[in-house]
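Q: My questions all concern the structure below.
The values are calculated or read from the model by the stated rules, or taken from the named source; none is laboratory data. What you see is a predicted model, and the numbers here were worked out from it, not measured in a lab. Glycine also receives a Cβ, built like all others from the backbone with ideal geometry; neighbour counts cover every protein chain displayed. Heads up: the accessible areas ignore ligands, DNA and RNA and are worked out on the full protein's heavy atoms, side chains in. Shrake-Rupley method; radii C 1.70, N 1.55, O 1.52, S 1.80 Å.
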Amino acid sequence: MGVAGVFFGVLVGWIIGTQQGSGRPPVPAAAAPAQASGAGATPQAPPLDESRASAMKMTAQQNPSDAVTRVQLGNMYFDAGRFQESADWYEQALKIHPKDVNASTDLGIAYYYMNQADRALAQFDKSLAIQPDHAKTLLNIGIVRAFGKQDLKGAAEVWQKVLDVAPSSEEARAARQGLDSMRSAHPEAGAPKGPGS
């Protein structure tokens, strides 16, 4: 299926942990499960700064209620392409602060990168239970549906929802590009035209 080659590049930056708005660089597309669909090779993820990670782990161990440091560790491991360790830290953070929608969504993204699309979607459902209109969660649901589940119609529906709940956002811009590309390459997906399309 050529779906990844058509518009993977448009959205790859959005499935990365942009949730915190921290400006972290995206993990290269080579790490993504959709790579097998023909996205093309890109550079490897940067190595983990082991000394910084070690210091942060010590801080986390000394402060059992410190969710922020655990999220930061999750981000570091994610950026290094070490998704299982990333997920472990996000899970720990969510045990402390279960209503952190950004950590929840980042955890779902880590699951996706571990080739666990169903688990990612289940985690995104938890994010939406916290904040039903969370545009970044909705955008990522569409990405996982398109690339992880090959559910183009489902992806189109959720991307349309991004346009409805946050029409002026960067997420809406990415969703609009994904919808436009999908309409061009796969009109049978039935992507509806929405406001601003």
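Q: The conditions are (1) touching a His at 6+ places or on another chain (Cβ under 7 Å); (2) open to solvent by 30 Å² or more (accessible area, probe 1.4 Å), and Val101 fails exactly one of them. Which is it?
A: (2)
Q: Here's a follow-up. Of the numbered conditions (1) at pLDDT below 95; (2) under 17 Å from the mean Cα position of the chain (by Cα), Val162 fails exactly one; give the number of that condition.
A: (1)
Q: Among the residues of region 115-145 satisfying the criterion of being closer than 15 Å to Glu171 by Cβ and aliphatic (A, V, I, L, M), which is farthest from the chain's Cα centre (by Cα)?
A: Leu128
Q: A further question on this structure: For Val144, which of the numbered conditions (1) open to solvent by 10 Å² or more (accessible area, probe 1.4 Å); (2) more than 29 Å from Arg52 (Cα to Cα); (3) of a type in the set (Val, Ile, Thr) fails to hold?
A: So Val144 meets the others, but not (1).
Q: Okay, moving on. Among the residues in region 166-174, are any within 21 Å of Leu73 (Cα to Cα), surrounded by fewer than 21 Cβ atoms within 10 Å (Cβ to Cβ) and touching a residue at least 24 places away in the same chain (Cβ under 8 Å)?
A: no
Q: Starting from residues that are over 17 Å from Asp133 (Cβ atoms) and either hydrophobic (A, V, I, L, M, F, W, C) or within 16 Å of the chain's Cα centre (by Cα) (or both), keep the ones in region 174-197 and report whichever is modelled with the highest pLDDT.
A: Out of the qualifying residues, it is Leu179.
Q: Please find, among Ser65, Ser86, Ser54, the residue that is open to solvent by 70 Å² or more (accessible area, probe 1.4 Å), at pLDDT 95 or above and of a type in the set (Gly, Ala, Ser).
A: Of Ser65, Ser86, Ser54, the one residue that is open to solvent by 70 Å² or more (accessible area, probe 1.4 Å), at pLDDT 95 or above and of a type in the set (Gly, Ala, Ser) is Ser65.
Q: Among the candidates Leu128, Leu138, single out the residue that is part of a helix (DSSP H, G or I), open to solvent by less than 10 Å² (accessible area, probe 1.4 Å) and farther than 23 Å from Glu85 by Cα.
A: Testing whether each residue is part of a helix (DSSP H, G or I), open to solvent by less than 10 Å² (accessible area, probe 1.4 Å) and farther than 23 Å from Glu85 by Cα leaves just Leu138.
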